[in-house]
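Laboratory data are not the source of any read-out in this text; all were calculated from the coordinates shown. Quick caveat: nothing in here was measured; it's all calculated off a predicted structure. Glycine also receives a Cβ, built like all others from the backbone with ideal geometry; neighbour counts cover every protein chain displayed.
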Amino acid sequence: MTLFWVLLVAVIVGAGVVAVRRRRRPRLATPLVRQAMPEVLVTEVAPIPTLLESAVASAPASLESRLGASRGIFDRVRSLGSGTLSETDLEVVEEVLLRSDVGLATTTALLDELRTNGAPDGVASAIRAALNASFVADRSVRTAADEGRIAVWLFVGVNGVGKTTTIGKLAARATSAGQHVVLAAGDTFRAAAADQLALWAERSGADIVRAAEGADPGSVIHDALGRAQARGADIVLADTAGRRANSTNLLDELAKIRRVADRLPGQVVETLMVLDATTGQNALSQAKEFLAAAAVTGIVLTKLDGTARGGIVVAIERELQIPVKFVGIGETVDDLIDFDPTAFVDSLLS
């Protein structure tokens, strides 16, 4: 009897093993039917837009929207009424003006005016008139040299203010207007300056003259003038070192560069100091340092669309008596614009 059960169990186990093995046999995969590839994958290759085309494609934002941070500071002033002002109202005006970086001199003068005459047409209107009166009258930009000479624009300013980018944007503007531009990479002390300027030259279609890091900046300017003369260029835009004005030998270096740039066939027609608007009163201090190093004819104020307080424009022009000629209100080429005082003040107080 025992043998019977043993044989029965063996038969059952054997049958189970066979069934498992059958289940484990891999099934034959159904072959995939590949669809025929189309004869043409791309019918038209769209060209990569250039820097200028990209800027034109986007609709320009209004000045008011770009100066949102600066405009917001004046919200409390716009809410004040007209007529005689209380001391509380005058304290509000004082706080707003100082926060906007217009400077102590402008703030004091305006408060005295409001205490004496009030604000018959409203506080915003009184401030608008005072700010407009503080701007330098002449902000023309000279683009041509005397007969037989090549116009040169020198750019000065510390590192980080957007000097090289400003040069690139102005080069793009000039080439789009039909001018032949040569860029001189005169900042030979910052490793990336020449590379950055070379990229802008490629984008804008300008020529560029550069040298090895640490080379004499004056020789770069001299070579750039030689190339400009040989190729019949209209203008040379020259970068300079971005160290602090109190750095060793920088004053002598800038004076030397100017002498070289103003020597035949060149003629320096503009010396533009680039300042970062977000640094506030520090920008004014930088400007005063550079005035001794170069005969500055105009200011380029960058990053006015960021956290900058727009009143710094007023402080610069009132204290230095040097016009702000260009302002940067964004990243694209078209966002470096001619400074219009009336439009600027209206964007803050309208």
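Determine the shape class of the stretch 192-245: with a ≥ b ≥ c the square roots of the Cα gyration tensor eigenvalues, call it rounded for a/c under 1.5, and otherwise prolate if a/b is greater than b/c, oblate otherwise. In terms of gyration-tensor shape, oblate.
Volume per residue for the stretch 150-302 equals 94 cubic angstrom (convex hull of Cα atoms).
Panel order for 169, 325, by other beta carbons found within 10 Å of each beta carbon, from fewest to most: 325, 169. Karplus-based coupling profile of the stretch 265-272, in residue order and whole Hz: x, x, 8, 6, 9, 9, 10, 9, with θ = phi - 60° in 6.51 cos²θ - 1.76 cosθ + 1.60 and x standing for Gly or Pro.
Loop-located GluC sites (Glu not before Pro) in the stretch 298-350 (DSSP state not H, G, I, E or B) with no more than 15 neighbouring Cβ atoms inside 10 Å: 331. Figure legend: label point modelled 7 angstrom from the Cα of residue 231 along Cα→Cβ; residues of the stretch 146-186 with amide N under 17 Å from it are 150-153, 168-186. Length available on full extension from residue 143 to residue 281: 0.36 nm per residue minus the Cα-Cα distance, which gives 46.7 nm. The coefficient of translational diffusion for the stretch 253-337, derived via Stokes-Einstein from the alpha carbon Kirkwood radius under 4 °C and 1.567 mPa s, stands at 95 µm²/s. Find which of 192, 299, 217 sits farthest along the positive direction of the dipole of the stretch 150-302, computed with +1 on the beta-carbon of Lys and Arg, -1 on that of Asp and Glu, about the Cα centre. Value: 299. Taking 35 Å as R0, compute the FRET efficiency from the Cβ-Cβ separation of residue 82 and residue 340 and round it to 0.05. Efficiency, from the Cβ-Cβ distance: 0.85.
Please list, or write none, the lysines whose alpha carbon is within less than 20 Å of the alpha carbon of residue 169, excluding same-chain residues fewer than 8 places away. Cα-Cα hits under 20 Å: 303, 325.
Using 1/(1 + (r/R0)^6) with R0 = 22 angstrom and r between the beta carbons of residue 98 and residue 331, what's the FRET efficiency to the nearest 0.05?
Values: r = 30 Å, r/R0 = 1.35.
After rounding to 0.05, the efficiency reads 0.15.
Mind checking the dipole of the stretch 64-133: about its Cα centre, +1 per Lys or Arg Cβ, -1 per Asp or Glu Cβ, Debye to the nearest 20? Don't jump to the answer; show the numbers that get you there.
On the way: 7 positive and 11 negative charges, 60 e Å.
Computed about the Cα centre, the dipole is about 280 debye.
For the stretch 103-117, the Karplus equation 6.51 cos²θ - 1.76 cosθ + 1.60, evaluated at θ = phi - 60°, returns couplings of x, 5, 4, 5, 4, 4, 4, 5, 5, 4, 5, 5, 5, 7, 10 Hz by residue, with Gly and Pro reported as x.
Once the Cβ-Cβ distance of residue 176 and residue 91 is raised to the sixth power relative to R0 = 41 Å, the FRET efficiency obtained is 0.25.
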